[in-house]
Structures are given as C-alpha cells and as structure tokens.
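Written below as structure tokens is the structure these notes are about.
The values are calculated or read from the model by the stated rules, or taken from the named source; none is laboratory data. From a predicted model like this one, the values you see are computed outputs, not experimental measurements. Here the Cβ positions follow ideal geometry from the backbone for every residue, glycine too, while neighbour counts run over all protein chains shown.
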Amino acid sequence: MMPWRRHRKTEPGVPGRALADAWQVISLLLDYPDERLVALVPVLRESASALPPGVGDPIREVLDHVERTDLTSLQADYVDTFDVTRRCALHMTYFLHGDTRKRGVALVQFKQAYRAAGVELDDEDAELPDHLCVLLEFGATCDADTAWKLLNDHRVGIELLYTALTGKQSPWLPAVRALRATLPQLQGDDEQALARLIAQGPPQEDVGIDTAPYAQDPALDEHLAGAPRPAPPSTETHLGSTIPVGAPR
C-alpha cells in the first residue's frame, strides 16, 4: 500500500461548499484556455472572493494573468507547459506509474470510482479519467469524498506537478498552490516518496507484470461499497461547467 494513503482520513481544510467552489474554479483554470474561460473571469473572481485567502488569493493571480494575456499567447503557453512538458502532466496516474501497464489498471480504477457515483465516461470523452481537471470537477459536482481519496492517493503527483511548474515560473503555478491549500501537507514517508520520484522519475515498464494485485484499491472499494449509489447528477453547475471538462485540441 502506498504510504501517503493514510491521508484518506484527514479532513479537508476548506469546508463544504467552499471546497466544492475551490475545486471547480481550479478545474476551470487548469483546463485549456478558451473564449469561455475569458467570459467566466468575472464569475470566477466572485467565487474566489468568498474563499479563504490561501485559496482565493492564488486563484486571483491566475485570473489576473488570463485577463492581461492575449488568448492566442495563453493557449500556446498552455500547450507548451502541459502538453509538451511531460513533467508538467495533468494526468495523475502518470507520476506514479509512468507509461507502464499499471497505469492502465489505475485508469480503470478511476472509471470505476466515477461510475459508482453515477458518472459514466467513455472513450470519446475529451480527457482521460485521471486528468486533474476531470477529477476536480467530479469532486466539485458529484462525490467530494471519493475525489478526496483519489486526490490524496495521488498527492505526491500533485507535489511533482507543483515542483515542475515552480521551475518553469509558470503562470498556472498559483492554481496548483490553491489546490494544495485544500489538501493535507506532505509528511514523513510522503516526503521520502516525493524525493524518490523527483530523483528517479516515473517508473518504466515492468516486463511480465501481473496486474491482478493492482486491480483494486481495497480502501477505495470499501468506501464505494458502503456508500449508497446516488442519482445521476445534473451536468449543469452553478459555474456553468460540465463533466468532462476539456475539449479536443
């Protein structure tokens, strides 16, 4: 079992509706920028103003950058940051599993978690289920508890993303800083795991791997089995976003 999974039982530092608002705004800011994002800036500012300073202030930094930057330049910078630079990947399973077969099993686990909450993703969706924007949108609109567990399963990956964006002095860094403010801080074994991943990078393919032992996450399965299946959620939210976020580009 991964050592950082103990964070599953840690309570969020941002309460209830504020946590959902924070995750949804961060999801929109980390998604590919388009005219819709530009149009939503006033609404996102209003949402940020109601959040704790540690979350709302960095969100406003990103919104300031969106407002003062030409959209074409913003899009080019986004692609160069997240689509070209692999260490800035927004796909959470990449950091722990690289491009190994274990990652395929982890993606299936994400889909199973979404399905248990009434959200069905198919192969035609814009993003893979482990994309950070999809996960945050899922947590904001459908099942915050399951999203909390998935985010903390991949907490070290979020730290790696933060470290990579810091090195690039990226304008999207404050969005990840805001996300970190909603999650537990790394301690002990987590910091050691982070140091190993920084030094070694994502794992390489293991030839002949038996994926069966990795097919299920017992703690997540226990959570899903014990929770009543909710009614399928509405795709419309108070910020006007839907699942899945993103668009083919």
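Here F82 does not qualify as at pLDDT below 90 and among the aromatic types (F, W, Y).
Any residue at all in the range 91-99 that's within 15 Å of L30 (Cα to Cα), at pLDDT below 95 and hydrophobic (A, V, I, L, M, F, W, C)?
Initially, the range 91-99 is screened for residues within 15 Å of L30 (Cα to Cα), giving 91-92.
Of the ones still in play, those that are also at pLDDT below 95 are 91-92.
Adding the requirement that they be hydrophobic (A, V, I, L, M, F, W, C) leaves 92.
So far as the range 91-99 goes, yes, one or more of its residues are within 15 Å of L30 (Cα to Cα), at pLDDT below 95 and hydrophobic (A, V, I, L, M, F, W, C).
Going through (1) of a type in the set (A, V, I, L, M); (2) buried (at least 23 other Cβ atoms within 10 Å of the Cβ); (3) without any contact (Cβ under 8 Å) to a residue 60 or more places away in the chain one by one, V134 falls short only on (3). Filter the range 37-78 down to the residues that are under 21 Å from the mean Cα position of the chain (by Cα) and not in a helix (DSSP H, G or I), then identify the one that is farthest from P184 (Cα to Cα). It comes out as L51.
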